């Protein structure tokens, strides 16, 4: 093995060092992923916090500083920036207090007497659902229960509190539709073709920068053999 002070190392030692570095980097990526989360390989968590029973589709990547709440579903080929909060828990606004002491003991479990009041069950909103091929910009908050359609873009800094249609570009506080990426016929075609069911290897040779041509090519790939 390579010893400190030695200026040279063998090829095998360099390969081992490179492998160990990759292993450490991989462990850092998955450090904040819950054991009950379901990640369809390959997914790049990027150090993001992924809570219990969240589900993320293949080829989706996230960046450190992002948080995915319990039960959230995220589709394939999504691009999620840093500082994003997807489906955070909400506090009751029509109870005596907005504080969580009324329904759980989590934050002050070690404080004597904090567990004494009888807790009342707090019914939360449904889980958040992000479609396939969604781009979420920096510091976006997606409210719990919101459904984001395939191909949508959520502009940086937006507060998304309503469902987002497929291939819509939204932005603002609250987020509003700015425009659609394509015309209605092309969007319908995307929804029918569902290119995200393919792997990158299967899409070798696709003309990605020409949407009509790309969809034609994918239709031929997915067409049943005669």
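The values are calculated or read from the model by the stated rules, or taken from the named source; none is laboratory data. In this text, all values refer to a predicted model and were calculated from it rather than measured experimentally. Here Cβ is always computed from backbone atoms with ideal geometry, including for glycine, and neighbour counts include all displayed protein chains.
Looking at this structure, is residue 177 under 24 Å from residue 51 (Cβ atoms) and in contact with a strand residue (DSSP E or B) (Cβ under 7 Å, 6 or more places away or on another chain)?
no
Condition check ((1) within 20 Å of residue 146 (Cα to Cα); (2) at pLDDT below 95) across all residues:
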{"site": "167", "(1), (2)": "yes, no"}
{"site": "171", "(1), (2)": "yes, no"}
{"site": "175", "(1), (2)": "yes, no"}
{"site": "182", "(1), (2)": "no, no"}
{"site": "203", "(1), (2)": "no, no"}
{"site": "214", "(1), (2)": "no, no"}
{"site": "221", "(1), (2)": "no, yes"}
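Is it the case that some residue within segment 169-178 is touching a residue at least 12 places away in the same chain (Cβ under 8 Å) and farther than 22 Å from residue 136 by Cα?
No, segment 169-178 contains no residue that is touching a residue at least 12 places away in the same chain (Cβ under 8 Å) and farther than 22 Å from residue 136 by Cα.
Per-residue answers, yes or no, for (1) over 19 Å from residue 182 (Cα atoms); (2) touching a residue at least 40 places away in the same chain (Cβ under 8 Å); (3) outside any loop (DSSP other than H, G, I, E, B):
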| site | (1), (2), (3) |
| --- | --- |
| 113 | yes, no, no |
| 118 | yes, no, no |
| 122 | yes, no, no |
| 127 | yes, yes, no |
| 133 | no, yes, no |
| 139 | yes, yes, no |
| 145 | yes, yes, no |
| 151 | no, no, no |
| 156 | yes, yes, no |
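Among the residues of segment 203-218, how many are touching a helix residue (DSSP H, G or I) at 6+ places or on another chain (Cβ under 6 Å) and either under 17 Å from residue 187 (Cβ atoms) or touching a residue at least 24 places away in the same chain (Cβ under 8 Å) (or both)?
Residues flagged as touching a helix residue (DSSP H, G or I) at 6+ places or on another chain (Cβ under 6 Å) and either under 17 Å from residue 187 (Cβ atoms) or touching a residue at least 24 places away in the same chain (Cβ under 8 Å) (or both) within segment 203-218 amount to 2.
Which one is surrounded by the most Cβ atoms within 10 Å (Cβ to Cβ) among residues in segment 183-203 that are within 10 Å of residue 218 (Cα to Cα) and over 22 Å from the mean Cα position of the chain (by Cα)?
193
Tally the residues that are surrounded by 13 or more Cβ atoms within 10 Å (Cβ to Cβ) and part of a loop (DSSP other than H, G, I, E, B), restricting the search to segment 204-226.
Final tally of qualifying residues: 1.
With the requirement that a residue be surrounded by fewer than 16 Cβ atoms within 10 Å (Cβ to Cβ), at pLDDT 95 or above and farther than 27 Å from residue 197 by Cα, what does segment 13-66 give you?
Selection gives nothing.
If I go through segment 80-114 residue by residue, how many of them are farther than 29 Å from residue 62 by Cβ and touching a helix residue (DSSP H, G or I) at 6+ places or on another chain (Cβ under 8 Å)?
5
Test residue 133 against the criterion of being over 30 Å from residue 105 (Cβ atoms) and surrounded by 18 or more Cβ atoms within 10 Å (Cβ to Cβ), and give yes or no.
Answer is yes for this residue.
When you go through 110, 150, 163 one by one, which is the residue that is at negative phi, outside the structural domain of residue 215 (by TED's automatic domain parsing) and touching a strand residue (DSSP E or B) at 6+ places or on another chain (Cβ under 6 Å)?
163
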